[in-house]
1. What ranking do D101, D41 get, fewest neighbouring Cβ atoms within 10 angstrom at the top?
2. Using 7 Å Cα-to-Cβ label points, what is the D107/L26 separation (nm, one decimal)?
3. Among DSSP beta bridges lying fully in the chain, give the percent that are antiparallel, nearest 5.
4. Quote to one decimal, in nm, the extra length available between L173 and A45 on full extension: 0.36 nm per residue of separation minus the C-alpha distance between them.
5. Nearest 0.05, what FRET efficiency do F143 and H240 give at R0 = 35 Å with Cβ-Cβ as r?
6. When the Kirkwood radius is taken over all Cα pairs of the chain, what Stokes-Einstein diffusion coefficient follows at 25 °C and 0.890 mPa s, in µm²/s?
7. ³J(HN,Hα) across region 97-108 via Karplus (A = 6.51, B = -1.76, C = 1.60, θ = phi - 60°), whole Hz, x for Gly/Pro?
8. Need one word for region 38-93: rounded, prolate or oblate. Basis is the Cα gyration tensor (sqrt eigenvalues a ≥ b ≥ c); a/c below 1.5 gives rounded, then a/b vs b/c decides.
Amino acid sequence: MRVTVVVPTYNEAENVAPMTGALLALALDLDVLIVDDESPDGTGAIADQLVARYPGRVHVMHRSGPRGLGRAYVDGFRWALEHGAEAVVQMDCDFSHAPSDVPRLLDCLAQYDVAVGSRYVAGGRTDEKWELGRILLSWWANFYARLILGSRIRDITAGFKAWRSETLIGIDLSRILSQGYVFQVEMAYVSERLGYRVIEVPIYFEDRRIGQSKMTMPVKIEAALRVWEVRWRHRHLRPHRRDA
């Protein structure tokens, strides 16, 4: 199975090379697409060096137009599909998502349409260094989104997923409009509404090793409010799988 890992970056100069190396070390037919949003810390230049170091296995997309996490992922997914990926993995560059978990997610695609790296199923957990306030906020965000959307996905805000290429094509990426962190919620919700088979795989979510989180309080509040938009936008979707 030919796999493309899509890694969006913004100010990940210290993480992008180690993450790329860890992914390429996996025993998989895998290439890495780095989607950089004009990082002022030089992440894009490092990505170009990685392309030269690993020709044919590392690719970089320098985005200079409208930016944001949602657009970065959608652009990356489209690139992967256009270049023949049979499966696409999405993950952060800061090692909160462990490269060693990628094979476990991909193995699930033999029976499922999307595999979610989940903190909130049996066996999943978050970093022990998280403060109580952060733990409660993360739990509340998932509970809130699941309640509004009627979702059965316990970690609906998760950003670590493996997709069958047919699933991404069937979702129709043009209908995904979220640009911030609610993008993760929208993709999961649309998958459910269309009847795709979703499995949650327990992971350990490590706190980022280097740099600062982009998930500020205003961003979290905006994401919570945008959940209502997601529900309204996709209220008419119905399963289109015969075995859904």
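1. Values: D101 19, D41 14.
Listed from fewest to most nearby Cβ atoms, that is D41, D101.
2. Modelled inter-label distance: 1.3 nm.
3. On the way: 7 of 30 bridges.
Rounded to the nearest five, the antiparallel share is 25 percent.
4. 43.2 nm
5. 0.75
6. Values: Rh = 18.1 Å.
So the translational diffusion coefficient is about 136 µm²/s.
7. Per residue, the Karplus-derived 3J(HN,Hα) values read 9, 7, x, 5, 7, 4, x, 5, 5, 5, 4, 5 Hz.
8. oblate
Readers should treat all values here as calculations from the given coordinates under stated rules, not as data from a laboratory. If you're wondering where the values come from, they're calculated on a predicted model, not measured in any experiment. Backbone-built Cβ (ideal geometry, glycine too); neighbour counts: all protein chains shown.
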